[in-house]
Amino acid sequence: MDLLLNVGTLIDGTGAPPKRDVSVWVEGDRIAQIGPRGAFAAADWQVIDAPQSTLLPGLFDLHSHMTLLLEPIDEPSDQSLRRADLVATTVFKAALGAKIWLQTGVTTIRHAGAGSNFAVAMKEAIAAGWTPGPRVFASGSLIAQTGGVRPGNESWAVEVTGADEARRVARLQLKAGVDVLKIYGASSIGGGGGRLIGLPGWPQLTVEEMRAIVEEAHKPGRLAAAHTGSAESVKNAVKAGVDWVDHADMMDDEAIDMLLASNTPVVPTMAIAWSLANFGEQMGFGKHIATMAAEVAKIAKERLRKAYKAGVRIAVGTDADNPRATVAKECELLTEIGMSPMEVIVAATRTPAEMLGVSDALGTVDVGKMADLVIVGGDPLADIRNLSQVEHVIQGGKLLELPLVDIGKWGYA
């Protein structure tokens, strides 16, 4: 059955001025026509009338962890149920997380790493219709330096020494179906683990090791992204030729210049630091993590504002480990560095589609493109927080029956 969307405002994701009183005709999984409100009509179409609402492209999250999304905020109090060691526990939690993200208007994610090629399995399960969820571009285990992974997180990573080992791991991940190789180019916000603790985001892996991973990704037309923190780790990633850098919290002027010269985008993931700073202790993290997150967030905000003003490309990703740190919250935080609501919307739609190489099908509302769409209440250009007021989600031309999950307990209607 064809779908007709009659809306008060259309923001097409290109950055062009919004259009008022628009009808969008969806035929099958594609956008068939766009015209003035009331231009199309047929008796057997499914019709959504939303004259006070805004239609946008489906949102992207370029740094998502569905396997973590409910940890530790929703862990059961019964200790016998805390079975993180069971693979099925991870599967069920990831499926629930995927439903939550889809319900918040996110129709495409890059799953930014998990052990055992979990994201590849998740991509295929969602594509097969086994469970609702965003389209998945999968990263595999983090490719880290020997000794670079925090104790307890070894199942999430493969540690390597030297370019040859890095190249071998990259090839095996690509063979398994990984779309975006994840390079762990810096320590975490906590500075490491065990007895090896340094400053937040201290650089890891050599440029040669990272370059070997990037080369293997690019041979079959896949991508490579780097987890960074310190200015040096950002520079190393750019020298290695990565497709984008995640976080980049401490980038300095030289790093910004290198990002500009290479046209390398940044996925800042401000939402994760915001959530850790505000809810970290409540979620079970140590006080030092919440304090460190607040300190890093302040510095990162200043550095990101400078990068934005210089012209560095920015795309939306959350790194969320809890349902408060949504894409809508990330977009809100990006306006605090000076981005306009329209620029933020482009950063959550067209820009990620371009970075993933799928802008011919996704990322903007245009005739012939895939009908991945979201309708929100109000006007997000007037108040970017309206992105959280999701009324309808269309994925591949199919109108989802919302709510998929009760998300009111996390502060969302």
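The values are calculated or read from the model by the stated rules, or taken from the named source; none is laboratory data. Treat the numbers as computed from the prediction; the structure is a model and nothing was measured. All Cβ positions, glycine included, derive from the backbone under ideal geometry; neighbour counts span all protein chains shown.
Looking across the stretch 334-362, the residues that are under 14 Å from ARG110 (Cα atoms), surrounded by 21 or more Cβ atoms within 10 Å (Cβ to Cβ) and of a type outside the set (A, V, I, L, M, F, W, C) come down to THR349, THR351, PRO352. Restricting attention to the stretch 171-207, report how many residues are within 28 Å of VAL296 (Cα to Cα) and at pLDDT 90 or above. Within the stretch 171-207, residues that are within 28 Å of VAL296 (Cα to Cα) and at pLDDT 90 or above number 12.
Every residue, every condition in (1) modelled with pLDDT of 95 or more; (2) hydroxyl-bearing (Ser, Thr, Tyr); (3) under 30 Å from SER116 (Cβ atoms); (4) surrounded by fewer than 21 Cβ atoms within 10 Å (Cβ to Cβ), yes or no:
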{"site": "ILE11", "(1), (2), (3), (4)": "yes, no, no, no"}
{"site": "GLY15", "(1), (2), (3), (4)": "yes, no, no, yes"}
{"site": "ARG30", "(1), (2), (3), (4)": "yes, no, no, yes"}
{"site": "ILE34", "(1), (2), (3), (4)": "yes, no, no, yes"}
{"site": "ALA43", "(1), (2), (3), (4)": "no, no, no, yes"}
{"site": "PHE60", "(1), (2), (3), (4)": "yes, no, yes, no"}
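Evaluated against (1) in contact with a Gly (Cβ under 8 Å, 6 or more places away or on another chain); (2) of a type outside the set (Val, Ile, Thr); (3) within 27 Å of ASN6 (Cα to Cα); (4) surrounded by fewer than 17 Cβ atoms within 10 Å (Cβ to Cβ), ARG305 falls short on exactly one condition, (3). Just one of the listed residues (LYS239, LYS235, LYS298) is in contact (Cβ under 8 Å) with a residue 24 or more places away in the chain, in a helix (DSSP H, G or I) and either surrounded by 21 or more Cβ atoms within 10 Å (Cβ to Cβ) or not hydrophobic (A, V, I, L, M, F, W, C) (or both), and it is LYS239. Being of a type in the set (D, E, K, R), modelled with pLDDT of 95 or more and not assigned by TED's automatic domain parsing to the domain that holds VAL22 is a description that does not apply to LYS369. Scan VAL327, VAL312 and give me the residue that is crowded, with 20+ Cβ neighbours inside 10 Å, under 17 Å from the mean Cα position of the chain (by Cα) and of a type outside the set (S, T, N, Q). From the options VAL327, VAL312, the qualifying one is VAL327. Could we say that ALA382 is under 19 Å from VAL316 (Cα atoms) and either surrounded by fewer than 23 Cβ atoms within 10 Å (Cβ to Cβ) or in contact with a helix residue (DSSP H, G or I) (Cβ under 9 Å, 6 or more places away or on another chain) (or both) here? Against the criterion (under 19 Å from VAL316 (Cα atoms) and either surrounded by fewer than 23 Cβ atoms within 10 Å (Cβ to Cβ) or in contact with a helix residue (DSSP H, G or I) (Cβ under 9 Å, 6 or more places away or on another chain) (or both)), ALA382 does not qualify. Screening ARG167, ARG150 for residues that are surrounded by fewer than 20 Cβ atoms within 10 Å (Cβ to Cβ), touching a helix residue (DSSP H, G or I) at 6+ places or on another chain (Cβ under 6 Å) and of a type in the set (Lys, Arg) leaves exactly one candidate, ARG167.
Got at least one residue in the stretch 262-270 being assigned to a helix (DSSP H, G or I), out of contact with any Pro (no Cβ under 8 Å at 6 or more places or on another chain) and in the same structural domain as ARG150 (by TED's automatic domain parsing)? Steps first, answer last, please.
Initially, the stretch 262-270 is screened for residues assigned to a helix (DSSP H, G or I), giving 262, 270.
Keeping just the survivors that are out of contact with any Pro (no Cβ under 8 Å at 6 or more places or on another chain) gives 262, 270.
Applying the additional criterion that residues be in the same structural domain as ARG150 (by TED's automatic domain parsing) yields 262, 270.
The answer is yes; a qualifying residue exists.
Here THR67 fits the description: part of a loop (DSSP other than H, G, I, E, B), modelled with pLDDT under 90 and crowded, with 20+ Cβ neighbours inside 10 Å.
Note on the stretch 102-146: residues that are over 22 Å from ASP243 (Cβ atoms) and either of a type in the set (Ser, Thr, Tyr) or crowded, with 23+ Cβ neighbours inside 10 Å (or both) amount to 7.
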